[in-house]
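The values are calculated or read from the model by the stated rules, or taken from the named source; none is laboratory data. In this text, all values refer to a predicted model and were calculated from it rather than measured experimentally. Here the Cβ is made from the backbone with ideal geometry for all residues, glycine too, and neighbour counts use every protein chain on show.
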Amino acid sequence: MCCAGIALLQSTTSLKGERNKVGFTSRMRSCCMALLSMALLVSPVSAQQKVTLSIGSGNTGGVYYPLAGGLAQVLTKHVPGWQVTAEVTGGSIDNLKLVGSGKGDLGFSMADVVWDAYTGQGKFTGRKMPLRTLMVLYPNRMHAVTTESTGITSIAGLDGKRVSLGSPGGATEVMALRVLEAYGVHERIRKERISVNEAVNAIKDGKIDAFFWVGGVPTAAVTDLAATPGTKIRLLDHADAVDAMNKRYGPLYSRGVISKSIYPGMKQDATNVNVWNVLVVNAAMSDEQAYTIVKTAFEHKADMVAVHKEFANLSLEYQAGGASPIPFHPGAVKFFAEKGVKLP
């Protein structure tokens, strides 16, 4: 008996004396407890427990995949009621399409492709995506990989060769073609479009001569190639492409170096082109969810670094450096403002 029965119990108590008063008090206490339990069942905390989110990553042999897994683990563990999963995808382009269409919740991407998606150009011509940045992550390093046995020693030496530009749906192809264009050989290579894992196997089997891959270091697939007995990898220098790329496509790229200590068997450092990685969401994501994601990631950064060391680059400083080509989500702006970070 609950609210509707209280009045009846009150009238019964007045007729039947003190014993009924005790009975009424007991019943009223039970009623109130039942109402409290019902209130808790429909509370916002319970509603929050139904939150499920997906993170678009990339190939299993790349860096996005373990990074997405690390972030998913942290959010699932530390945000009550959230269940977050990392999804294997083709990479940046696939992730932006998923997030932009509302079929995915979060996505890792390179900044240059984010700009194309936001402005509706390149692979996204005529389809502007409603994207917002949550966090600037780390610099992505373009790898131009071959082996000593091919005799190729420069980007110009790729002329006429069989070269993988990365898997369909990834951003490697976009950046690789821009590098090749800067050296004037983008129309004179024999193009293949396969994942980094497939490219490693193909170069081992002599089916391709080189492959491009843009990602964090070390990339597991490239490490696998470098550690293959009888194989000596060579990373081709290409930092000289930066000026031409920025002149044509905007100030998105910077010069970098991949140290010879990163991959087994490298004889010298390799100069390369860098582009920043960002974590993006749909503009329609609630401010509360966006804020919670960013706050949780920064508060539990050590947990993510334990999954992959590229998360060590996650810093407040990089957020203010202008590395994101598109606006930050208001939820992210709120968190960074609390930390004293003034965004561009």
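Summary of computed values
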item	result
Filtered residues of region 226-238 (kept if over 11 Å from His143 (Cα atoms) and in contact (Cβ under 8 Å) with a residue 12 or more places away in the chain)	Ala226, Ala227, Thr228, Thr231, Lys232, Ile233
From Val114, Val136, Val145, Val163, residue being assigned to a helix (DSSP H, G or I) and buried (at least 20 other Cβ atoms within 10 Å of the Cβ)	Val114
Qualifying residue in region 246-266 (condition: touching a residue at least 60 places away in the same chain (Cβ under 8 Å), closer than 17 Å to Ile326 by Cα, crowded, with 22+ Cβ neighbours inside 10 Å and in contact with a strand residue (DSSP E or B) (Cβ under 8 Å, 6 or more places away or on another chain))	yes
Residue count, region 75-99 (criterion: touching a helix residue (DSSP H, G or I) at 6+ places or on another chain (Cβ under 8 Å), surrounded by fewer than 24 Cβ atoms within 10 Å (Cβ to Cβ) and β-branched (Val, Ile, Thr))	4
Checking Thr296 against (1) over 21 Å from Thr76 (Cα atoms); (2) in contact with a His (Cβ under 8 Å, 6 or more places away or on another chain), the condition it does not meet	(1)
Residue match in region 134-147 (condition: outside the structural domain of Tyr291 (by TED's automatic domain parsing) and more than 22 Å from Tyr253 (Cα to Cα))	yes
Residue within region 202-210 that is of a type in the set (D, E, K, R), crowded, with 22+ Cβ neighbours inside 10 Å and within 19 Å of Ala156 (Cβ to Cβ) present	yes
Hits in region 269-318 (condition: within 30 Å of Tyr183 (Cβ to Cβ), part of a helix (DSSP H, G or I) and hydroxyl-bearing (Ser, Thr, Tyr))	Tyr318
Residues located in region 198-220, provided they are modelled with pLDDT of 95 or more and within 25 Å of Ser109 (Cβ to Cβ)	Glu198, Ala199, Val200, Ala210, Phe211, Phe212, Trp213
